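Peer 1: Have a look at this one.
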Amino acid sequence: MTRDIQHVPYGYEPPANERKGTLIFYDSFEHISDMDLLKAAETAMERKFTKLVLYPLHEETVRRMTKEPVKAWYKREDRLHEWKREQGQPFITVESLEGKRKKYTPLDSALRHISDIYPAPYFLYMTPEMANLIASFSSFEEWIVKLRLLLSEPPVQVHPRLEKFRHRWNVAGEDR
């Protein structure tokens, strides 16, 4: 085994990594357009995230959360993979946990899985409707202290728990 010897000046310290954290786009992706995806990618680049994780929800998860009919998970996932190829950005990832499980996945399980694999800090990028829905879960207060929310647009109505933790979320595109 050969060793590569590198010579550096005395006192040299490598530059700090400019990119950090993970932006997780948590949605069913049923009504998300390519422009919405592009906006999320631009937000991730603008805020210098290491990864943009697209997390499509399984149809059972969506059914339990919203009672709304959606296309099959693999069709929505294929669309996301196609969009990712078009963008040619290596920092974009499509998470396939829900496709492997093939059943309802609670938010807690999804966030634990993401925190095991991707680098911290964690930001959940979502629509205001999804944020209000997530705020209605009993585990919301446990998770909101471990991550931050980025909403795709300003909310019309705000869930009381979301209002309580107003300091833990903001709207993408607004000044931090």
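Peer 1: So, Thr93, is that one within 18 Å of Arg63 (Cα to Cα) and among the hydroxyl-bearing types (Ser, Thr, Tyr) or not? Lay out the reasoning, then the answer.
Peer 2: Numbers: within 18 Å of Arg63 (Cα to Cα): no; among the hydroxyl-bearing types (Ser, Thr, Tyr): yes.
No; evaluated as a whole, the condition is false for this residue.
Peer 1: Give the number of residues within region 24-50 that are more than 28 Å from Lys67 (Cβ to Cβ) and either touching a strand residue (DSSP E or B) at 6+ places or on another chain (Cβ under 8 Å) or of a type outside the set (Lys, Arg) (or both).
Peer 2: Looking only at region 24-50, we keep the residues that are more than 28 Å from Lys67 (Cβ to Cβ), and these are 38, 41-50.
Filter once more, so that each one left must be either touching a strand residue (DSSP E or B) at 6+ places or on another chain (Cβ under 8 Å) or of a type outside the set (Lys, Arg) (or both): 38, 41-47, 49-50.
Of the residues in that region, 10 qualify.
Peer 1: Tell me which residues, restricted to region 121-141, are of a type outside the set (Ser, Thr, Tyr) and part of a loop (DSSP other than H, G, I, E, B). Even if it seems obvious, please write down each step before you answer.
Peer 2: First, pick out the residues of region 121-141 that are of a type outside the set (Ser, Thr, Tyr): 121, 123-124, 126, 128-135, 137, 140-141.
Answer for region 121-141, where residues must be of a type outside the set (Ser, Thr, Tyr) and part of a loop (DSSP other than H, G, I, E, B): Pro121, Phe137.
Peer 1: Given the residues Val158, Val145, which is the only one that is surrounded by 14 or more Cβ atoms within 10 Å (Cβ to Cβ) and either of a type in the set (A, V, I, L, M) or closer than 17 Å to Asp27 by Cβ (or both)?
Peer 2: Values: Val145 fails: surrounded by 14 or more Cβ atoms within 10 Å (Cβ to Cβ).
Testing whether each residue is surrounded by 14 or more Cβ atoms within 10 Å (Cβ to Cβ) and either of a type in the set (A, V, I, L, M) or closer than 17 Å to Asp27 by Cβ (or both) leaves just Val158.
Peer 1: Given Thr105, Thr93, which one is surrounded by 13 or more Cβ atoms within 10 Å (Cβ to Cβ), in a loop (DSSP other than H, G, I, E, B) and of a type outside the set (Lys, Arg)? Spell out the reasoning first.
Peer 2: Working: Thr93 fails: in a loop (DSSP other than H, G, I, E, B).
Exactly one of Thr105, Thr93 is surrounded by 13 or more Cβ atoms within 10 Å (Cβ to Cβ), in a loop (DSSP other than H, G, I, E, B) and of a type outside the set (Lys, Arg), namely Thr105.
For every residue, the table says whether it meets (1) small (Gly, Ala, Ser); (2) under 17 Å from the mean Cα position of the chain (by Cα); (3) part of a helix (DSSP H, G or I); (4) within 22 Å of Leu149 (Cβ to Cβ).
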{"residue": "His81", "(1), (2), (3), (4)": "no, yes, yes, no"}
{"residue": "Gln89", "(1), (2), (3), (4)": "no, yes, no, no"}
{"residue": "Lys100", "(1), (2), (3), (4)": "no, no, yes, no"}
{"residue": "Leu111", "(1), (2), (3), (4)": "no, yes, yes, yes"}
{"residue": "Pro119", "(1), (2), (3), (4)": "no, yes, no, yes"}
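Peer 1: Anything in region 54-81 that is in contact with a Lys or Arg (Cβ under 6 Å, 6 or more places away or on another chain) and either β-branched (Val, Ile, Thr) or surrounded by fewer than 21 Cβ atoms within 10 Å (Cβ to Cβ) (or both)? List them, or say none.
Peer 2: Within region 54-81, the subset in contact with a Lys or Arg (Cβ under 6 Å, 6 or more places away or on another chain) is 56, 60.
Of everything in region 54-81, just one residue is in contact with a Lys or Arg (Cβ under 6 Å, 6 or more places away or on another chain) and either β-branched (Val, Ile, Thr) or surrounded by fewer than 21 Cβ atoms within 10 Å (Cβ to Cβ) (or both), namely Glu60.
Peer 1: Further, regarding this structure: Run down Thr127, Thr105, Thr66, Thr93 and say which single residue is touching a residue at least 40 places away in the same chain (Cβ under 8 Å), among the hydroxyl-bearing types (Ser, Thr, Tyr) and within 18 Å of Phe49 (Cβ to Cβ).
Peer 2: Details: Thr127 fails: within 18 Å of Phe49 (Cβ to Cβ); Thr105 fails: within 18 Å of Phe49 (Cβ to Cβ); Thr66 fails: within 18 Å of Phe49 (Cβ to Cβ).
On inspection, the qualifying residue turns out to be Thr93.
Peer 1: In region 16-39, which residue that is aliphatic (A, V, I, L, M) and in a loop (DSSP other than H, G, I, E, B) is surrounded by the most Cβ atoms within 10 Å (Cβ to Cβ)? Walk me through how you get there before you give the answer.
Peer 2: Narrowing region 16-39 to residues aliphatic (A, V, I, L, M): 16, 23-24, 32, 35, 37-38.
Then drop every residue that is not in a loop (DSSP other than H, G, I, E, B), which leaves 16, 32.
On the way: Ala16: 6, Ile32: 21.
The selected residue is Ile32.
Peer 1: Considering Met35, Met45, which residue is within 18 Å of Thr22 (Cα to Cα) and more than 13 Å from the chain's Cα centre (by Cα)? Outline the logic, then answer.
Peer 2: Details: Met35 fails: within 18 Å of Thr22 (Cα to Cα).
Sole residue among the options that is within 18 Å of Thr22 (Cα to Cα) and more than 13 Å from the chain's Cα centre (by Cα): Met45.
Peer 1: Please specify each residue of region 45-74 satisfying the condition of being assigned to a loop (DSSP other than H, G, I, E, B) and not polar (S, T, N, Q). Steps first, please.
Peer 2: Taking region 45-74 first, the residues assigned to a loop (DSSP other than H, G, I, E, B) are 47-50, 57-58, 67-72.
Passing the criteria: Arg47, Lys48, Phe49, Leu57, His58, Lys67, Glu68, Pro69, Val70, Lys71, Ala72.
Peer 1: Name the one entry in Glu42, Glu13 that is in a loop (DSSP other than H, G, I, E, B) and among the acidic types (Asp, Glu). Give the steps one after another, and end with the answer.
Peer 2: Values: Glu42 fails: in a loop (DSSP other than H, G, I, E, B).
It is Glu13.
Throughout, read-outs are computed from the coordinates displayed, never taken from laboratory work. These numbers were taken from a predicted model, which means no experiment stands behind them. FYI the Cβ positions are ideal-geometry reconstructions off the backbone, even for glycines, and counts take in every protein chain you see.
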